[in-house]
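K.L.:
Got a structure for you, written out below as structure tokens; questions coming shortly.
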Amino acid sequence: MAAAEPNANIPDYEHTEVNTKPFHIDSFRQEWLNRLKPSSYSFQQQDEDTFHANFAEEMGVRAETMAELKSVCSIESLRCHPKDQKPNMEVVPPDPTLKTLIQRKKRQDHRASLKITKNRHDLYADELERVTVGKKPEEITDIVPEGEVILVINVYYPAVADKFAYTRPHMTLQMTGSHSLAELRDAICCSSDLQVCGEFSNTPDVAPAFISKDHYKSAFFFFEGVFYNDCRFPECQDISVTTVEWLKANNFPPCTQAKMEDTRFTDLKVKVGYPYLYCHQGDCEHLIIITDIRLAHKTDCLDRALYPLLTHKHRITTEKCAVCHLFIGRWFTTNDEFAPSDPCLFCDKCFRMLHYDPEGNKLGDFLAYPYVDRGAFN
Ligand SMILES: [Zn+2]
Ligand SMILES: [Zn+2]
């Protein structure tokens, strides 16, 4: 018998454990919906008894066995303290036997030896994913529809500095299949969007009006031979055209173009685990990797208004002001007689106190350039 033709809508590895072959996201979703019972992807909470009865039936176990399993596997029996004592959840016991506690103690001891204390940023970052698990919307109309797909997307730092070549993703987002690529674009924070080009020592107050994001709105994503351009604003230019024409002139397989605002994720054909490209501000290039595509589950965040959902954000150290060493640098100056170095970085407050009189008149000679720290989005 001839082997059945593999179904192209079901992802298969192209490189084992690395990335899949390309597949169409909505067709993949349909394959799941055709195979699953609606109750499997329903968001309705099953009551516990029904759940256990179904479980017993599926696993082929008898009622007595099920009852025994329930008691042996209950959370109540997971205990490393005497039965009549209430444990303190904040304190890890000195000689834990539970694997999770052993790991937690290791981590705690490590932090104590390095004198690392958790600041509010770290606490917030740890909470990011947890706070939205199973979250329901206030308005029932804002609920993610049953049978919707959820994509997990890693966005990386632009590979301009070696420093960023080996870091974890800058951010991890969850998006639904009905989101457009333009919504992904709007969710990506990059400090190059906030850059201000120019020298502003005579007019420091007008600098914020020159933010790159407001002036250079062109951008594209590149997925599987298609450039998806941002065409939402009249100022947008097709910045992929140079590459498209070069490919044509050099006999490479032709690439096509589309609008990112008209393209939903479900329309895309992609490989999971494969690096794609996001380019904005002319040459700020980020790798984008879709790491998972799956049906929404009742334990997912079900509030549509909270998507794109940020589940991880990498934090980097910030450059501090050379005077107060406290606030993030906002200006750097050159040819500056007041500065201890050339160039020198100042926070907004120290910069103005040192370089202008109370009426805002410039004191002395210097050149001033707005500075946007990479950690601005921490
Ligand atoms: Zn960027
Ligand atoms: Zn300062």
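The values are calculated or read from the model by the stated rules, or taken from the named source; none is laboratory data. Just so we're clear, the structure is a prediction, and the values are computed from it rather than from any experiment. Glycine gets a Cβ as well: all are built from the backbone with ideal geometry, and neighbour counts include every protein chain shown.
K.L.:
Report, ordered by the first and then the second residue, all pairs with beta carbons closer than 7 Å, sequence separation of six or more or different chains, a first member in segment 355-378 that is more than 24 Å from Leu194 (Cα to Cα), and a second member that is surrounded by 17 or more Cβ atoms within 10 Å (Cβ to Cβ).
P.N.:
As it stands, the answer is Lys362/Ser201; Lys362/His355; Leu363/His355, since those pairs meet every condition given.
K.L.:
Oh, and also: Given Lys248, Lys298, which one is away from ligand 2 (no atom under 16 Å from the Cβ) and in a helix (DSSP H, G or I)?
P.N.:
Lys248
K.L.:
In this structure, is Glu261 more than 19 Å from the chain's Cα centre (by Cα) and loosely packed, with under 13 Cβ neighbours inside 10 Å?
P.N.:
Here the answer is no, as Glu261 does not meet what is asked.
K.L.:
Spot the failing condition for Arg35; the list is (1) of a type in the set (Lys, Arg); (2) over 26 Å from Val149 (Cβ atoms); (3) under 34 Å from the mean Cα position of the chain (by Cα), and only one is missed.
P.N.:
Of the numbered conditions (1) of a type in the set (Lys, Arg); (2) over 26 Å from Val149 (Cβ atoms); (3) under 34 Å from the mean Cα position of the chain (by Cα), the odd one out for Arg35 is (2).
K.L.:
Filter segment 178-199 down to the residues that are assigned to a helix (DSSP H, G or I), in contact with a Lys or Arg (Cβ under 7 Å, 6 or more places away or on another chain) and within 19 Å of Cys231 (Cα to Cα), then identify the one that is farthest from ligand 1 (Cβ to nearest atom).
P.N.:
Checked segment 178-199; the qualifying residue farthest from ligand 1 (Cβ to nearest atom) is Ala182.
K.L.:
Let me ask another. Please determine, by comparing only the residues of segment 323-347 that are in contact with a Ser or Thr (Cβ under 7 Å, 6 or more places away or on another chain) and in a loop (DSSP other than H, G, I, E, B), which one is farthest from ligand 2 (Cβ to nearest atom).
P.N.:
Among those that are in contact with a Ser or Thr (Cβ under 7 Å, 6 or more places away or on another chain) and in a loop (DSSP other than H, G, I, E, B), it is Asp342.
K.L.:
Do the conditions hold for Ala368, that is, is it part of a strand (DSSP E or B), in contact with a helix residue (DSSP H, G or I) (Cβ under 9 Å, 6 or more places away or on another chain), of a type in the set (A, V, I, L, M, F, W, C) and within 16 Å of ligand 2 (Cβ to nearest atom)?
P.N.:
For Ala368, the condition - part of a strand (DSSP E or B), in contact with a helix residue (DSSP H, G or I) (Cβ under 9 Å, 6 or more places away or on another chain), of a type in the set (A, V, I, L, M, F, W, C) and within 16 Å of ligand 2 (Cβ to nearest atom) - is met.
K.L.:
Additional query: Would you check which residues across segment 348-365 are more than 16 Å from ligand 2 (Cβ to nearest atom) and surrounded by 14 or more Cβ atoms within 10 Å (Cβ to Cβ) and list them?
P.N.:
Answer for segment 348-365, where residues must be more than 16 Å from ligand 2 (Cβ to nearest atom) and surrounded by 14 or more Cβ atoms within 10 Å (Cβ to Cβ): just Lys362.
K.L.:
Which of the residues belonging to segment 165-178 are at pLDDT 85 or above and crowded, with 19+ Cβ neighbours inside 10 Å?
P.N.:
His170, Met171, Thr172, Leu173, Gln174, Met175, Thr176, Gly177
K.L.:
A further question follows. Exactly one of (1) among the acidic types (Asp, Glu); (2) over 28 Å from Glu183 (Cα atoms); (3) assigned by TED's automatic domain parsing to the domain that holds Ser212 is unmet by Asp300. Its number?
P.N.:
Single failed check for Asp300: (2).
K.L.:
Going by the conditions given, is Thr317 on the phi < 0 side of the Ramachandran plot, within 16 Å of ligand 2 (Cβ to nearest atom) and more than 17 Å from the chain's Cα centre (by Cα)?
P.N.:
When the stated conditions are applied, Thr317 does not pass them.
K.L.:
For segment 83-104, enumerate the residues that are of a type in the set (A, V, I, L, M, F, W, C) and outside any helix (DSSP H, G or I).
P.N.:
Met89, Val91, Val92, Leu98 - these are the residues of segment 83-104 that are of a type in the set (A, V, I, L, M, F, W, C) and outside any helix (DSSP H, G or I).
K.L.:
State all residues of segment 283-293 that are within 14 Å of Leu173 (Cα to Cα) and either more than 16 Å from ligand 1 (Cβ to nearest atom) or assigned to a loop (DSSP other than H, G, I, E, B) (or both); if no residue qualifies, say none.
P.N.:
Passing the criteria: Ile290, Thr291, Asp292, Ile293.
K.L.:
Tell me yes or no: at least one residue of segment 267-274 is over 18 Å from the mean Cα position of the chain (by Cα), of a type outside the set (D, E, K, R) and within 16 Å of ligand 1 (Cβ to nearest atom).
P.N.:
Checked segment 267-274: no residue is over 18 Å from the mean Cα position of the chain (by Cα), of a type outside the set (D, E, K, R) and within 16 Å of ligand 1 (Cβ to nearest atom).
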